[in-house]
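The structure follows.
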Amino acid sequence: MVAIDLTRIAEEIERLERRWASLYREVPSAERAEVRWTASGRTLRWHVCLEDVVEPDIDVEILPRVLVIRARRDTHPESLLLALLPVPSDFDVEQPRLYWEFGYLEVRLSRRSGGGAQQ
Amino acid sequence: MSNYYEVLGVSPDASPEEIKKAYRRKAIKYHPDKNPDSPDAEERFKDLSQAFEVLSNPARRREYDAARTGRREGRRASAGPRQPSEAKSWSVEDFLSHFGDIFGSDFGESFHRARPRGRPGFDIETSLDVDFRVAALGGKVRVAVSGEASCPSCDGRGMQGSAAVCPTCGGSGRRTQRTERQGQFYSVTRACPTCQGTGIAPGEQCPACHGRGLTERTRQITITIPEGTGDGTTLRLSGQGGAGTGGVPAGDLLVRIQVRPDPRFHRKANDIYADVSVPVATAALGGEVAVETLHGRAKLKIPPGSSSGKQLRLKGQGIRGGDHIARVLVAVPTRLSKEQRDLFEQLARLTSD
Ligand SMILES: [Zn+2]
Ligand SMILES: [Zn+2]
């Protein structure tokens, strides 16, 4: 069992959020999707609230330290939901596992092998 | 031939927006990938596509409407779609290209802009050995850092002259694939494999940076080590990491400090512990010895009757106002002169009485 340093992950996520904030300006009309994360064991889970979104309208873009979720709302054709999921360096951004249920997209990321908690 | 409006489930006076929306919804529902065991779904998907092809084109829709109202049941071939030769199999690409059509200007464009916009630079992580004293008292250390910097050959533009866009991704630098996970569908976007995400055709890329606009470069950076830096501390120097592209900020430089141990000093929080050798007479009678602290030489008062292990404190001579704690080590001479020997023997007789 790998000890998870939630404080460190939180700091890292917060910092990466600031770093990638410019992506929100990419589509000025986009609305920010509500996002939460949890971490346990070797897994970081992102929960993205995508209300009124039809599942195939979700696009997950994989960038080096961040996943960008763009989703088009079905009810308002012009409305785009945008979410940044910053990925701390010890988690593998390349292999996200995606689950869709009741308007929530869950994105699971695994800790890289060997990437234990620091200190 | 079926009624296209019925196929899409819209009224004959539906607006182009309504038609798009209806098509999109139904295409999602009947997409063959989603209904692998149902040949019916594939048929319906083809019908949908035919209907949309006609109704989304104003000229063809007018033609179709005229035929439909003129003859109740539209049988004229001209009103229908041109027989699509590749209509047999619907690949993911077909589906995507249709989506591209209807997402058109508002959605698709924001997703797939001509040239990828700027990306923040990467963080660079490095480790640095620092002397005990520098870590304790603070100081400046020069360090060579290699990382990404804006390419000087192309000024960070990544291309030569007015370059052509990458044919694979059309300049977006990204490739979107539809993925199926547990029966659910998403599109996942990654960097285009042909241009590595630059959006520039491989032949037109700046040869120095291969289109990335960034090159590896080693810079000299002066790092200020704060007073009292502990072993394993990571310093974050914001904006000193890899360069960003398109005017987006650079990454951070993360410096993990490894403090070289010093045989003379031992640190506990802000206090420094050090052994001090005290001649036996001074230990017994009291006096003064010179000690080495982080801040230089200092005089330490030895109270009479100090034995080995006694801790004596020099206030404020540690780190950030902490103390220097000297641990007395009574130094007994290993070789005694005749006179010294006599005196010790005399002392031994006196103390044993
Ligand atoms: Zn270049
Ligand atoms: Zn490309």
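The values are calculated or read from the model by the stated rules, or taken from the named source; none is laboratory data. No experiment lies behind these values; they were computed from the predicted model shown. Virtual Cβ from ideal backbone geometry, glycine too; neighbours counted across all protein chains shown.
Could you list all residues from region B:189-218 that are away from ligand 2 (no atom under 12 Å from the Cβ), more than 14 Å from chain A (Cβ to nearest Cβ) and of a type outside the set (Val, Ile, Thr)?
B:Gly203, B:Cys206, B:Pro207, B:Ala208, B:Cys209, B:His210, B:Gly213, B:Glu216, B:Arg217
Could I ask something else about it? Being more than 13 Å from chain A (Cβ to nearest Cβ) and free of Cβ contacts under 8 Å to residues at least 40 places away in the same chain is the filter here, so list the residues in region B:238-265 that pass it.
B:Pro263, B:Arg264
So that you can scan it fast, the table gives a plain yes or no per residue for (1) exposed (fewer than 15 other Cβ atoms within 10 Å of the Cβ); (2) over 21 Å from B:Ser238 (Cα atoms):
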{"site": "A:Leu6", "(1), (2)": "yes, yes"}
{"site": "A:Ser22", "(1), (2)": "no, no"}
{"site": "A:Val27", "(1), (2)": "no, yes"}
{"site": "A:Glu34", "(1), (2)": "yes, yes"}
{"site": "A:Trp37", "(1), (2)": "no, yes"}
{"site": "A:Arg45", "(1), (2)": "no, yes"}
{"site": "A:Arg70", "(1), (2)": "no, yes"}
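Is at least one residue of region B:171-180 within 16 Å of ligand 2 (Cβ to nearest atom), out of contact with any Asp or Glu (no Cβ under 6 Å at 6 or more places or on another chain) and away from chain A (no Cβ under 14 Å)? Step through it out loud before you land on a result.
Going through region B:171-180, the residues within 16 Å of ligand 2 (Cβ to nearest atom) turn out to be B:171-177.
Filter once more, keeping what is out of contact with any Asp or Glu (no Cβ under 6 Å at 6 or more places or on another chain): B:171-177.
Going one step further and asking which of them are away from chain A (no Cβ under 14 Å), we end up with B:171.
Within region B:171-180, one or more residues are within 16 Å of ligand 2 (Cβ to nearest atom), out of contact with any Asp or Glu (no Cβ under 6 Å at 6 or more places or on another chain) and away from chain A (no Cβ under 14 Å).
Being small (Gly, Ala, Ser), assigned to a strand (DSSP E or B) and away from every other protein chain (no Cβ under 14 Å): is that true of B:Ser146 here? If you could, list the steps in order and put the result at the bottom.
Working: small (Gly, Ala, Ser): yes; assigned to a strand (DSSP E or B): yes; away from every other protein chain (no Cβ under 14 Å): yes.
The answer is yes for B:Ser146.
Could you tell me whether A:Ser29 is hydroxyl-bearing (Ser, Thr, Tyr) and away from every other protein chain (no Cβ under 14 Å)? Full working, then the answer.
Numbers: hydroxyl-bearing (Ser, Thr, Tyr): yes; away from every other protein chain (no Cβ under 14 Å): no.
No; evaluated as a whole, the condition is false for this residue.
If I filter region A:77-100 down to residues being more than 22 Å from A:Ser110 (Cα to Cα) and within 11 Å of chain B (Cβ to nearest Cβ), which single residue comes out as nearest to the chain's Cα centre (by Cα)? Spell out how you get there, then give the answer.
Restricting attention to region A:77-100, the residues satisfying the condition of being more than 22 Å from A:Ser110 (Cα to Cα) are A:77-82.
Filter once more, so that each one left must be within 11 Å of chain B (Cβ to nearest Cβ): A:77-80, A:82.
On the way: A:Pro77: 23, A:Glu78: 22, A:Ser79: 19, A:Leu80: 16, A:Leu82: 10 Å.
So, considering only residues that are more than 22 Å from A:Ser110 (Cα to Cα) and within 11 Å of chain B (Cβ to nearest Cβ), the one nearest to the chain's Cα centre (by Cα) is A:Leu82.
Suppose we filter region B:203-215 for residues that are more than 11 Å from ligand 1 (Cβ to nearest atom) and out of contact with any strand residue (DSSP E or B) (no Cβ under 6 Å at 6 or more places or on another chain); how many remain? Before the answer, list the steps.
Filtering region B:203-215 for residues more than 11 Å from ligand 1 (Cβ to nearest atom) gives B:203-204.
Still in the running and out of contact with any strand residue (DSSP E or B) (no Cβ under 6 Å at 6 or more places or on another chain): B:203.
Number satisfying all stated conditions: 1.
Select from region B:156-182 the residues that are within 16 Å of ligand 1 (Cβ to nearest atom) and within 24 Å of the chain's Cα centre (by Cα) and list them in ascending order.
B:Gly156, B:Arg157, B:Gly158, B:Gly173
Right, here's the next one. So, B:Gly230, is that one assigned to a loop (DSSP other than H, G, I, E, B), small (Gly, Ala, Ser) and within 14 Å of chain A (Cβ to nearest Cβ) or not?
yes
Yes/no matrix, rows are residues, columns are (1) among the charged types (D, E, K, R); (2) under 29 Å from B:Thr126 (Cα atoms); (3) at pLDDT 90 or above; (4) buried (at least 17 other Cβ atoms within 10 Å of the Cβ):
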| site | (1), (2), (3), (4) |
| --- | --- |
| B:Tyr273 | no, no, yes, no |
| B:Leu314 | no, no, yes, yes |
| B:Leu329 | no, no, yes, no |
| B:Arg335 | yes, no, no, no |
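List the residue pairs whose Cβ atoms are under 7 Å apart, where the first residue sits in region B:155-171 and is touching a residue at least 40 places away in the same chain (Cβ under 8 Å) and part of a strand (DSSP E or B), the second is of a type in the set (Gly, Ala, Ser) and within 16 Å of ligand 1 (Cβ to nearest atom), and the two are 6 or more positions apart or on different chains.
Partner pairs satisfying both residue conditions: B:Met159/B:Gly211; B:Val165/B:Gly199; B:Val165/B:Ala201.
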